[in-house]
Structures are given as structure tokens and as C-alpha cells.
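Accompanying notes for the structure given below.
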Amino acid sequence: MLQSGFSSLTGGGLFAVLVTVLVTWLFYAVTLHLAATFFIGDVPSQLAAKAAVAPAVVSLILQRWGIEAGIVSADLGVLVVLVLTLLADGIAISVTYRLSNRSTAPLVALHLAFAAVLGFALNNIFELV
């Protein structure tokens with residue numbers, strides 16, 4: 001039952017879904033740690049690992065049940081996924097790093113920038129698209 005619900009997200013199987021979530025979480029954790037080190041200074045990487053769970057899960061869930069299910073149109077869906085992922089990222093960063101909203105916003109913007117640049121570079125290296 002669970003496998004058939006996730007088949008279009010990863011190509012099939014619970015194992016594929018778990019690997020997709022772990023890889024996404026790792027990607028967000030690495031880029032968040034880079035952004036936090038740049039913005040805050042020397043911070044433990046465990047904080048980035050804790051905070052990266054929220055945007056990873058939110059982005060994957062919204063892609064699967066938001067865009068693919070037809071709840072949100074494909075044109076508007078990318079914007080909705082981006083905004084809600086950034087919102088989840090901001091909440092997770094604020095709680096995990098114990099930052100005010102004023103300090104959280106630039107860190108979220110830096111995290112987005114680091115993720116975009118690293119994602120673009122990895123896409124060019126591995127020719128994913």
C-alpha cells in the first residue's frame with residue numbers, strides 16, 4: 001500500500017523514498033551549515049542537521065501531494081513549494097539556532113543562495129536534467 005503511493009515520487013519502493021529523504025536532508029544540512037558558518041561563525045554541524053529535516057520533508061511532501069496530485073497547478077506549484085519550504089526552513093532555523101526573526105531572515109536567504117549554487121553546480125556536474 002505504501003509503496004504504490006510513493007511510486008511516482010522516486011520510481012518505486014519504500015527504500016527509494018527513504019533514500020530520497022536522506023539525500024535531500026543531507027543536501028539541506030550541508031548547505032545550511034555552510035550558510036550558518038558564513039553568517040554566524042563557528043557553529044556545530046549538529047544544529048544544521050536538526051534544522052534541515054523540516055525543509056527537506058516539507059519540500060518532498062509538497063512536491064508529491066501538492067503538484068503531482070493536482071491540488072496546486074504546476075505553474076503556481078513551484079512558487080508555493082518554494083515559499084512554504086522557506087517558511088519551514090525559517091521556523092526550523094529560528095528554533096534550532098535560537099535566533100530572532102530579524103537574524104533568521106538573512107540566514108534563510110543565505111541558505112537558499114548556497115542551496116541554489118550548489119544544486120546548480122551538482123546538476124551541471126552530473127547532468128541530472
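The values are calculated or read from the model by the stated rules, or taken from the named source; none is laboratory data. Bear in mind that the values here come from a model prediction, so they are computed numbers and not experimental data. No Cβ is skipped: glycine too gets one built from the backbone with ideal geometry, and neighbour counts run over all protein chains shown.
Out of all the residues in region 5-15, is one or more in contact with an Asp or Glu (Cβ under 7 Å, 6 or more places away or on another chain), part of a helix (DSSP H, G or I), modelled with pLDDT under 85 and not charged (D, E, K, R)?
Yes, that holds for at least one residue.
If we scan region 95-106, do we find a residue that is assigned to a helix (DSSP H, G or I) and within 13 Å of His33 (Cα to Cα)?
The answer is yes; a qualifying residue exists.
To keep it simple, each residue is scored yes or no on (1) surrounded by fewer than 17 Cβ atoms within 10 Å (Cβ to Cβ); (2) modelled with pLDDT under 90; (3) within 15 Å of Val53 (Cα to Cα); (4) among the basic types (Lys, Arg).
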{"residue": "Ala69", "(1), (2), (3), (4)": "yes, yes, no, no"}
{"residue": "Gly77", "(1), (2), (3), (4)": "no, yes, no, no"}
{"residue": "Val83", "(1), (2), (3), (4)": "yes, no, no, no"}
{"residue": "Ala92", "(1), (2), (3), (4)": "no, no, yes, no"}
{"residue": "Val95", "(1), (2), (3), (4)": "yes, no, yes, no"}
{"residue": "Pro106", "(1), (2), (3), (4)": "yes, no, no, no"}
{"residue": "Leu110", "(1), (2), (3), (4)": "no, no, no, no"}
{"residue": "Ala115", "(1), (2), (3), (4)": "no, no, yes, no"}
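Name every residue in region 24-44 that is closer than 11 Å to Phe114 by Cα and either in contact (Cβ under 8 Å) with a residue 60 or more places away in the chain or part of a loop (DSSP other than H, G, I, E, B) (or both), in order of residue number.
Answer for region 24-44, where residues must be closer than 11 Å to Phe114 by Cα and either in contact (Cβ under 8 Å) with a residue 60 or more places away in the chain or part of a loop (DSSP other than H, G, I, E, B) (or both): Phe27, Tyr28, Val30, Thr31, Leu32, Leu34, Ala35, Ala36, Phe38.
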